[in-house]
Amino acid sequence: MRINLVLELLDVPGQLVKILEPISMLGANLITIIHKRDYKSDNGKVPVQLTLEGEQESLKKVVNRFEELGFTIIEMDGVIKKEKITTILFGHIVDQDLKDTMDRINDLESANIVGFDIKLDGEEKSTALINIEADVGNKQIVFDRIEEIAGEKNLLVINEV
C-alpha cells in the first residue's frame with residue numbers, strides 16, 4: 001500500500017532527518033521525498049511531500065508518530081487536512097487581555113494560532129492579524145469563536161471571505 005503526504009516543517013536544521021526516522025523504525029519505506037525549501041508558508045514552514053509504502057498498519061503508525069512529533073499533515077492522499085484562516089481584530093486588543101483571546105482560540109480542538117502580528121498605535125486602538133491553522137471543515141466554528149470573543153471585548157472583526 002502507498003500513501004502520499006504533505007507535511008509542514010520548520011525551516012531549521014534537523015527537521016528533515018526527524019521525519020525520516022519514524023518511517024524505517026515503524027516498518028515503512030520511503031519512495032519519494034520532495035523538499036520545497038524555497039517555498040515557505042505564512043507561518044514560515046516548508047512543505048515536504050512524501051510517498052511512503054508499507055503495510056496499512058505500519059503507515060498508520062507513521063502518520064500517528066508524525067502527529068505526536070508535532071508535524072502538521074496538511075494533505076493525505078490528495079485530501080486537504082488543514083486549512084489556513086486569516087482574520088483581523090481591531091480595537092483595544094492589548095487592554096482586553098491578549099493572552100486570553102489567544103488561549104480561547106487555541107482551546108478549539110481543531111484550530112491553532114500559527115501567526116499573530118499586532119500593530120500598536122500608542123494609546124489608540126490597535127490591529128491584530130491572526131493566522132490560524134484548522135482542520136478542514138471547521139472554518140465556521142473558528143469564525144464563530146472569534147466573533148464571540150470579539151463581542152465580549154468590544155473588538156471589530158474582519159474575517160476573510
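Figures for the structure shown
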item: Check on Asp117, within 22 Å of Lys40 (Cβ to Cβ) and assigned by TED's automatic domain parsing to the domain that holds Val142; result: yes
item: Flag for Ile118 being crowded, with 16+ Cβ neighbours inside 10 Å, among the aliphatic types (A, V, I, L, M) and more than 20 Å from Ala134 (Cβ to Cβ); result: no
item: Every residue from region 133-158 that is exposed (fewer than 15 other Cβ atoms within 10 Å of the Cβ) and in a strand (DSSP E or B); result: Leu156, Ile158
item: Which numbered condition Leu108 misses (of (1) surrounded by 15 or more Cβ atoms within 10 Å (Cβ to Cβ); (2) not in a loop (DSSP other than H, G, I, E, B)); result: (2)
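The values are calculated or read from the model by the stated rules, or taken from the named source; none is laboratory data. No experiment lies behind these values; they were computed from the predicted model shown. Every residue, glycine among them, receives a Cβ derived from its backbone with ideal geometry; neighbour counts consider all protein chains shown.
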